[in-house]
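Worksheet: the structure to be examined is printed underneath.
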Amino acid sequence: MTSDHMRALHGYVHESARQSLDGGGEFRMVATIFSKIEGVKLSEGVESFFPLQVCLSRALGVIRSSGGLLRQFIQDDKGLVLIYTFGLPTATYEDNASRAIFTALGVCAALGELGLRVRAGVTSGITFCGLVGSTNRCEYTVTGPSVNLGARLMSMCESQGVDLLVNDVIAEDIATGAYRWGSFTFDPLPQMRVKGYPPPPPP
């Protein structure tokens, strides 16, 4: 592939992946937000692209204004899910936790104006950040227990009767951090069993 081809493809490569092409992976403290979007009407053919584009464009406006990075926008067994992060090499701040909560609430409000409902799981923890796959086909990934927990919390919002759940690391960071995007308080919930994690100790 020529240098001209490489430059042409540059805009299609994730911001953090560009920095990882030569440097390999690393472990970082990352805040990850999983947001399940309900109410988007999908149909067969190109007609379904327009509501998806409007939804993504509105959410991206909020995420970028807070300094976050989009990870994925996918339709899977959980439904339509938006995943974004704070803490990657090109988007890390002293107040990642409060930015994550502020942005999750902002996405919820922005898509609510479109008649959509958003349920979010927000977590923070040490994650592996880097390229996975072969030299012919690879992707930039963010993976670790806290990322998996974010997806679990997102899926548990409905059963808990809330639109947003966070892990204890997020709550503690916001309670003790000097940098905040707004003032947030959290209502603790009873310990619960989460798939892929050991059961909570007996009281």
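The values are calculated or read from the model by the stated rules, or taken from the named source; none is laboratory data. Please read these numbers as outputs of a predicted model, since none were measured by experiment. Every residue, glycine as well, gets a Cβ built from its backbone with ideal geometry; the counts of neighbours run over all protein chains shown. Calculation scope for accessible area: heavy atoms of the full protein, side chains included, ligands and nucleic acids excluded. Shrake-Rupley method; radii C 1.70, N 1.55, O 1.52, S 1.80 Å.
Some notes on this structure:
- For LEU149: the one exception among (1) in contact (Cβ under 8 Å) with a residue 24 or more places away in the chain; (2) assigned to a loop (DSSP other than H, G, I, E, B): (2)
- Flag if THR92 is among the polar types (S, T, N, Q), within 15 Å of the chain's Cα centre (by Cα) and modelled with pLDDT of 90 or more: no
- Elements of type strands (runs of 3 or more DSSP E) in the stretch 24-111, at least 2 residues being open to solvent by 20 Å² or more (accessible area, probe 1.4 Å): 26-38, 69-76
- Between VAL122, VAL166, VAL132, VAL118, the distinction of being out of contact with any helix residue (DSSP H, G or I) (no Cβ under 6 Å at 6 or more places or on another chain) and either acidic (Asp, Glu) or buried (at least 20 other Cβ atoms within 10 Å of the Cβ) (or both) belongs to VAL166 only.
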